[in-house]
Amino acid sequence: MTVGRYVSDLETGDVLEPVAYTMTPFVVREYCHGTGEYDESFHGPNANDTEPQRVPPTLVHIDKIRLLNRNCPDGPGPDARIHYQYHAIHHRPVPIGERLIAAGTVVNRYEKRGREYLDLEFELRLEATGELLTTYRDTALLGYSRNGAST
């Protein structure tokens, strides 16, 4: 378990303690306000109530933050991590009002051209049925070192 450590301490094979939560309309609206997403479908049901409120695809980043905060409460580490790239597959829309479970694993930690990278894989599932909603792979740049000095 990684509790009490920095994100920069994570190693290949570490399994993050899952986080269960309810996706609420408020979380979706606040996320959209913060990211400048103005599509009405993310802010509530449409005027004739035929379409439910939707969760924007980029909200997968919230699951990563929840998991890292739970498992690495001391923060990123001595050097700030940089979100390098991600790839998410949405198997079906994330329902609002349902209990969800986010889980994650460190699949690789490596150095390339003097830079240290961390690959994490996340899954989002319905708590009640275990149905897979989203898979998400994230690569973070942990630090850059040249001649032993970190920048």
Work from the charge dipole of the chain (Cβ charges, +1 for Lys and Arg, -1 for Asp and Glu, about the Cα centre) and give the residue of His91, Ala140, Ala128 farthest towards its positive end. Ala140
Pick from Arg109, Arg70, Arg92 the residue whose mean-square fluctuation is largest in a GNM of the chain, springs joining Cα atoms under 10 Å. Arg92
Residues meeting the amide H criterion for Gly75 (H placed from the backbone, H to H distance under 5 Å, 5 or more places apart or on another chain) are Val7
Separation of the Ile89 and Val107 label points, Cα + 7 Å toward Cβ, nm: 0.9
Could you tell me how many degrees, from 0 to 90 and to the nearest 10, lie between the Cα long axis of helix 60-71 and the main elongation axis, the longest principal axis, of the Cα atoms of the chain? 50
Add +1 for every Lys or Arg and -1 for every Asp or Glu among the other residues with Cβ under 13 Å from the Cβ of Met23, and state the total. +1
For Cα pairs less than 8 Å apart in space and 6+ apart in sequence, what is the mean separation divided by the residue count of the chain, i.e. the relative contact order in percent? 28
With all pairs of different alpha carbon atoms counted, what Kirkwood hydrodynamic radius in Å does the chain show? 16.6
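We did not get these values from a lab; they are worked out from the coordinates using the rules stated. Because the structure is predicted, anything quoted here is derived from the model rather than measured. Positions of Cβ are generated from backbone atoms using ideal geometry, with glycine treated the same way; all protein chains shown enter the neighbour counts.
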